[in-house]
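Trainee: Take a look at this one; I'll ask things after.
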Amino acid sequence: MSGPHPTGLHRLAETIAARKGTDPETSWTAKLLAKGPEKCAEKFGEEAVEAIIEAVKGDRVKLISEAADTLYHLLVMLAARDVTLSDVENELDRREGRSGIEEKASRK
C-alpha cells in the first residue's frame, strides 16, 4: 500500500474489500460479489467493451466514465478471487525495466 493514507485506487479497493460478505440488499458491490467470480468477470468484460467503444468513438468524457467503471469492476473481479491491488502492483514492480516483448516471451 502507498503509505498510511491510501489514495485513489487503493481507497476504492479497500471499500470493495470491506463490502465483501455484507448485505447484498444495501450495496451494489456486495450484490455483485455475492453472485460469484464468474459474474464479476462477466461484468468486468462488459465494462471493458464499453470503454473500448468510447475509445474508438473518441468521446473523451464518455471514455473517462467508462474507464472508471472498468477500473471499479476490475477491482471487484480481483476481490472475488482474493487478489489485491497490492498483488497486482507487485507484479508490475517485478516487470519494471523489462521490455514488453521480453515479458511476453518469458510466458511461453
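The values are calculated or read from the model by the stated rules, or taken from the named source; none is laboratory data. Here the structure is a predicted model, which means the values were calculated and not measured. Here the Cβ positions follow ideal geometry from the backbone for every residue, glycine too, while neighbour counts run over all protein chains shown. Heads up: the accessible areas ignore ligands, DNA and RNA and are worked out on the full protein's heavy atoms, side chains in. Shrake-Rupley method; radii C 1.70, N 1.55, O 1.52, S 1.80 Å.
Trainee: What is the dipole size for the chain, taken about its Cα centre, with +1 at each Lys and Arg Cβ and -1 at each Asp and Glu Cβ, in debye to the nearest 20?
Mentor: It works out to roughly 160 debye.
Trainee: Under a Cβ-Cβ cut-off of 15 Å, what is the net charge of the residues other than Glu54 that fall near it, where Lys and Arg count +1 and Asp and Glu count -1?
Mentor: So the surrounding residues net to -3.
Trainee: Give me the percent of the accessible area of the chain that comes from carbon and sulfur atoms, probe 1.4 Å, all protein chains in place.
Mentor: Summing carbon and sulfur atoms, their accessible area is 58 percent of the total for the chain.
Trainee: Using 7 Å Cα-to-Cβ label points, what is the Ser106/Glu38 separation (nm, one decimal)?
Mentor: A separation of 3.4 nm, rounded to one decimal place.
Trainee: Taking the Cβ of Leu33 as the center, what net charge do the other residues with Cβ under 15 Å away carry, scoring Lys and Arg +1 and Asp and Glu -1?
Mentor: My count for the surroundings of Leu33 gives +1.
Trainee: Taking a ≥ b ≥ c as the square roots of the Cα gyration tensor eigenvalues, with a/c under 1.5 meaning rounded and otherwise prolate when a/b beats b/c, else oblate, which class fits the chain?
Mentor: Taking the square roots of the gyration eigenvalues as a ≥ b ≥ c, the chain is oblate.
Trainee: Could you point to the residue in Leu71, Gly8, Ala105 farthest towards the positive end of the chain's charge dipole, with +1 and -1 charges on the Cβ of Lys/Arg and Asp/Glu respectively?
Mentor: The residue sitting farthest along the positive end of the dipole is Ala105.
Trainee: Please tell me the relative contact order of the chain in percent, rounded to the nearest whole number, where contacts are Cα pairs under 8 Å and at least six residues apart.
Mentor: Over the chain, the number comes to 24 percent.
Trainee: Can you work out the accessible area per residue across the chain, with the rest of the protein chains kept in place, probe 1.4 Å, in square angstrom?
Mentor: Ligands and nucleic acids excluded, the result is 68 Å² per residue.
Trainee: Are there any trypsin sites (Lys or Arg not before Pro) in region 14-85 that are in a DSSP loop and have at most 10 other Cβ atoms within 10 Å? List them by number.
Mentor: Within region 14-85, the qualifying trypsin sites (Lys or Arg not before Pro) (loop, at most 10 other Cβ atoms within 10 Å) are Arg81.
Trainee: Looking at the chain, do any whole DSSP H helices span at least 24 angstrom along their long axis by alpha carbon and average -0.5 or above on Kyte-Doolittle, and which?
Mentor: Helices meeting the span and hydropathy rule in the chain are 37-57, 60-80.
Trainee: On a 1.4 Å probe surface of the protein chains, which of Val76, Val56, Val83, Val49 comes out largest in accessible area, and what is the full order?
Mentor: Val56, Val49, Val83, Val76
Trainee: Okay, moving on. Can you tell me which of Asp82, Asp69, Asp59 moves the most in a GNM of the chain? Springs connect C-alpha atoms under 10 Å apart.
Mentor: Fluctuation is largest for Asp59.
Trainee: Please say if region 15-64 is rounded, prolate or oblate, where rounded means a/c under 1.5 for a ≥ b ≥ c the square roots of the C-alpha gyration tensor eigenvalues, and otherwise the choice is prolate for a/b larger than b/c and oblate otherwise?
Mentor: Prolate is the answer for region 15-64, as a/c is 1.5 or above and a/b outweighs b/c.
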